[in-house]
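K.L.:
Here it is: the structure, laid out below.
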């Protein structure tokens, strides 16, 4: 199996556990080689409630970890405007370290509870 297939397998395993807690929206992380994207997804309606991307941080010179933390804070603010305070964190098959962990810590710092 190649690395992409392994990540997809981990992703499915993680999401199967998350779907059991369907009363809260899912905070999903997508990480590519260049960008980071956070989405707040309502599983029952299969609808994205809010999304932030590091493309929105134009004009600011930041390192990858700083961008991830800032995105987490931005997502927490958007969730607060929607009246959401509790979410389920979906790391999307990625290891919980680096920019994924920084985004989670930023969201917690912004007021979201996992």
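Each reported figure results from applying straightforward, stated rules to the coordinates on display, with no laboratory input. For clarity, every value in this text was computed on a predicted model and none was experimentally measured.
K.L.:
Once you sort the root eigenvalues of the Cα gyration tensor of the stretch 3-110 as a ≥ b ≥ c, which label holds: rounded (a/c under 1.5), prolate (a/b larger than b/c) or oblate (the other case)?
P.N.:
oblate
K.L.:
Something else about it: If the elastic network links every pair of Cα atoms under 10 Å, which of 81, 101, 60 fluctuates the most in the Gaussian network model of the chain?
P.N.:
Per the Cα network of the chain with a 10 Å cutoff, 60 tops the list.
K.L.:
May I ask you to derive the relative contact order of the chain, considering only C-alpha pairs under 8 Å and at least 6 residues apart, and to give it as an integer percent?
P.N.:
After rounding, I find 30 percent.
K.L.:
Return the single residue from 103, 50, 68 with maximal mean-square fluctuation; model: Gaussian network over the chain, springs between Cα atoms under 10 Å.
P.N.:
50
K.L.:
So, one more: Percent antiparallel among DSSP beta bridges with both residues in the chain, to the nearest 5?
P.N.:
Bridges in the chain are about 75 percent antiparallel.
K.L.:
Between the stretch 81-114 and the stretch 56-73, what is the C-alpha centre distance in whole Å?
P.N.:
15 Å
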